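The values are calculated or read from the model by the stated rules, or taken from the named source; none is laboratory data. Bear in mind that the values here come from a model prediction, so they are computed numbers and not experimental data. Heads up, the Cβs are rebuilt from the backbone with ideal geometry, glycines too, and the neighbour counts pull from every protein chain shown. Note: areas computed on protein heavy atoms with side chains; ligands, DNA, RNA excluded. Shrake-Rupley method; radii C 1.70, N 1.55, O 1.52, S 1.80 Å.
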Amino acid sequence: MWVGIDVGKGFHHACAVDETGKIVFSRKVANSQAAIEQLITRTTAKAAEVVWAVDMTSGAASLLITLLLATGQPVVSVPGRLVNRMAGAFAGEGKTDARDARTIAETARLRSDLAPITSPDAVVTDLQVLTARREDLMADWVRGVNRIRELLASIFPALERAFDYSTRSALVLLTGFQTPAGIRAAEATGLSAYLAEHGAWTKGIPAMVDKALAAAAEQTVALPGESVTAPLIARLARQLLELDREIKDLDKQLGARFAEHPDAGPITSLDGFGPILGAQLLAGTGGDLQAAFRSSAHLAAYAGLAPVPRDSGRIRGNLHRAKRYHRGLRRVFYLAALSAIKRPDGPSRAFYLRKRGEGKRHTQALIALARRLVDVIWALLRDGREFHPSPPLTATAAA
């Protein structure tokens with residue numbers, strides 16, 4: 001019997017089908033231990049062999065998956081996008097929890113290539129929570145920086161152009177000064193004292209003071225809305241400084257937890273991978289690449305780094321970018337490639353330059369390098385060793 005479960009916050013919906021596709025039962029199940037255990041007991045009493053299928057693997061599905069794994073029976077994942085596509089294979093256009101649960105069950109019955117869900121590693125589980133939180137904080141950071149630039153450009157465009165407001169020192173300046181008149185009134189002495197007192201980078205203070213005074217000299221008029229916008233900028237700058245502290249504290253916790261994983265050493269031995277990207281790699285793959293993926297090519301396809309053929313009739317060799325892939329993992333390998341080419345004498349840089357010499361654009365060469373990094377990571381984790389290239393290392397050997 002195949003049991004598909006449409007996961008919800010308060011209630012799940014479970015639908016079971018037999019080998020002919022006939023519905024055995026379809027019912028709502030509360031997201032509580034007692035209700036889920038009762039479902040498991042009743043289901044195992046009806047069939048000796050049961051395959052459980054769920055459309056979510058985190059969040060509200062945590063209790064459900066923990067109890068299902070405890071049965072020792074197979075548990076597979078049917079992603080939401082696949083459920084959406086498979087729904088078109090059945091009659092009707094309506095969408096209900098019961099219909100989704102049946103679609104999940106039928107998909108598990110018809111397909112044997114669905115990814116199995118296994119008991120999570122404690123370190124990987126923690127990394128998944130921490131990396132998800134970091135993504136939220138970084139999204140808030142980017143949104144806040146963009147907003148502060150927009151507000152500043154509306155009242156003091158010269159100052160907006162003068163600094164990079166993703167840096168802490170520039171935000172410190174904005175907590176005290178947001179208008180041309182305020183900077184002119186403080187003069188160089190007042191600006192220097194304020195920046196030093198509030199923790200700006202000491203060596204950069206003289207240059208910052210010069211830039212701020214130059215920006216103030218460019219604008220002698222007060223723009224409309226300045227009296228309201230300036231306090232908002234100061235408040236937002238303080239919030240971003242606090243957010244910056246929280247991100248740095250989280251990065252320390254993330255790095256310490258990542259170091260406890262046995263694959264931390266091999267991953268960080270490769271150019272381009274540090275604790276943050278390494279943690280995101282483990283969080284996105286479940287921690288055990290050999291168990292989750294059949295080969296490095298399978299991992300590359302999952303990360304969206306392998307082209308997909310679109311052949312028809314006499315058209316052959318028509319490749320295009322995949323549409324269904326793990327965007328987080330693609331970002332991990334892309335950023336790792338971008339970081340790896342910064343080492344001038346490294347094998348990654350040599351591989352990148354060779355691809356550029358073949359006529360590929362910057363982005364294409366980076367994606368090609370990211371694909372090669374998948375192979376290297378796969379080999380390192382398979383063999384349990386670290387990456388120590390012995391110069392000179394050719395681009396072919398790097399691949």
Given the structure, is D271 touching a Ser or Thr at 6+ places or on another chain (Cβ under 7 Å), open to solvent by 20 Å² or more (accessible area, probe 1.4 Å), closer than 19 Å to L373 by Cα and among the charged types (D, E, K, R)? yes
Determine which member of the set V129, V172 is farther than 30 Å from D288 by Cα, among the aliphatic types (A, V, I, L, M) and under 31 Å from the mean Cα position of the chain (by Cα). V172
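Listed here are the residues, each with its yes/no results for (1) basic (K, R); (2) part of a loop (DSSP other than H, G, I, E, B); (3) surrounded by 15 or more Cβ atoms within 10 Å (Cβ to Cβ).
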| site | (1), (2), (3) |
| --- | --- |
| A91 | no, yes, no |
| R99 | yes, no, yes |
| A108 | no, no, yes |
| S119 | no, yes, no |
| T131 | no, no, yes |
| V142 | no, no, no |
| V145 | no, no, yes |
| I148 | no, no, yes |
Go through (1) surrounded by fewer than 19 Cβ atoms within 10 Å (Cβ to Cβ); (2) basic (K, R); (3) touching an Asp or Glu at 6+ places or on another chain (Cβ under 7 Å) one by one and return the number of the condition R257 breaks. (1)
What are the residues in region 25-81 that are open to solvent by less than 40 Å² (accessible area, probe 1.4 Å) and of a type in the set (G, A, S), if any? A30, A35, A47, A53, A60, A61, S77
Count, please, the residues in region 372-399 that happen to be under 20 Å from T268 (Cβ atoms) and either modelled with pLDDT of 90 or more or surrounded by 12 or more Cβ atoms within 10 Å (Cβ to Cβ) (or both). 17
Between residues in region 233-257 that are on the phi < 0 side of the Ramachandran plot and residues that are among the acidic types (D, E) and surrounded by 17 or more Cβ atoms within 10 Å (Cβ to Cβ), which pairs lie under 7 Å by C-beta distance while being six or more apart or on different chains? R257/D126
If I104 satisfies every condition in (1) assigned to a helix (DSSP H, G or I); (2) surrounded by fewer than 14 Cβ atoms within 10 Å (Cβ to Cβ) but one, which is the exception? (2)
Could you tell me how many of the residues in region 321-352 are within 29 Å of A292 (Cβ to Cβ) and either open to solvent by 50 Å² or more (accessible area, probe 1.4 Å) or part of a helix (DSSP H, G or I) (or both)? 22
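For A212, state whether it is open to solvent by 20 Å² or more (accessible area, probe 1.4 Å) and either within 38 Å of the chain's Cα centre (by Cα) or over 22 Å from L240 (Cβ atoms) (or both).
When the stated conditions are applied, A212 does not pass them.
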Considering (1) in a helix (DSSP H, G or I); (2) open to solvent by 40 Å² or more (accessible area, probe 1.4 Å); (3) at pLDDT 90 or above, say which one N84 fails and leave the rest. (3)
So C15 clears everything in (1) part of a loop (DSSP other than H, G, I, E, B); (2) under 14 Å from A108 (Cα atoms); (3) out of contact with any Asp or Glu (no Cβ under 7 Å at 6 or more places or on another chain) except one condition, right? Which one? (1)
